[in-house]
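Structure record follows, encoded as structure tokens.
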Amino acid sequence: MTTDIQLLLSVEEAADVLRLGRTRTYELVMTKKIQSVKVGRRRLVVRSSLLDFVQTLLLEQDSA
């Protein structure tokens, strides 16, 4: 059984998933709030880090 879940996303794809702009998503990647890897010349976002990012936002809001 195979699944069609991509482990790595382009920054643009990650922006779509998060419903954020491309520039804001690049900022999150460059400040290491979202994990990414470099493959060749491409910067790819680790899909699981998107959920971690959202979880962090929720925890920050709950503690505020």
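The values are calculated or read from the model by the stated rules, or taken from the named source; none is laboratory data. Fair warning: this is a prediction, and the values are worked out from it, not measured in the lab. Neighbour counts are summed over all protein chains in view; Cβ atoms, including those assigned to glycine, are modelled from backbone coordinates with ideal geometry. To get the accessible areas, we keep the full protein, side chains included, count just its heavy atoms, and leave off ligands, DNA and RNA. Shrake-Rupley method; radii C 1.70, N 1.55, O 1.52, S 1.80 Å.
Contact map, the stretch 12-27: first residue over 12 Å from residue 43 (Cα atoms) and without any contact (Cβ under 8 Å) to a residue 40 or more places away in the chain, second residue part of a helix (DSSP H, G or I) and not aliphatic (A, V, I, L, M), Cβ cut-off under 7 Å, separation 6 or more or different chains; pairs are 15/22; 15/25; 18/25; 22/12. A search for C-beta distances below 7 Å between a residue of the stretch 31-58 that is under 14 Å from residue 15 (Cβ atoms) and any residue that is modelled with pLDDT under 95 and of a type outside the set (A, V, I, L, M, F, W, C), counting only pairs 6+ apart in sequence or on different chains, returns 47/6. Can you work out which of the residues in the stretch 20-61 that are open to solvent by less than 100 Å² (accessible area, probe 1.4 Å) and assigned to a loop (DSSP other than H, G, I, E, B) is nearest to residue 5 (Cα to Cα)? This residue is 34.
Scanning the stretch 9-19 for residues that are open to solvent by 20 Å² or more (accessible area, probe 1.4 Å) and among the hydrophobic types (A, V, I, L, M, F, W, C) yields 17, 18.
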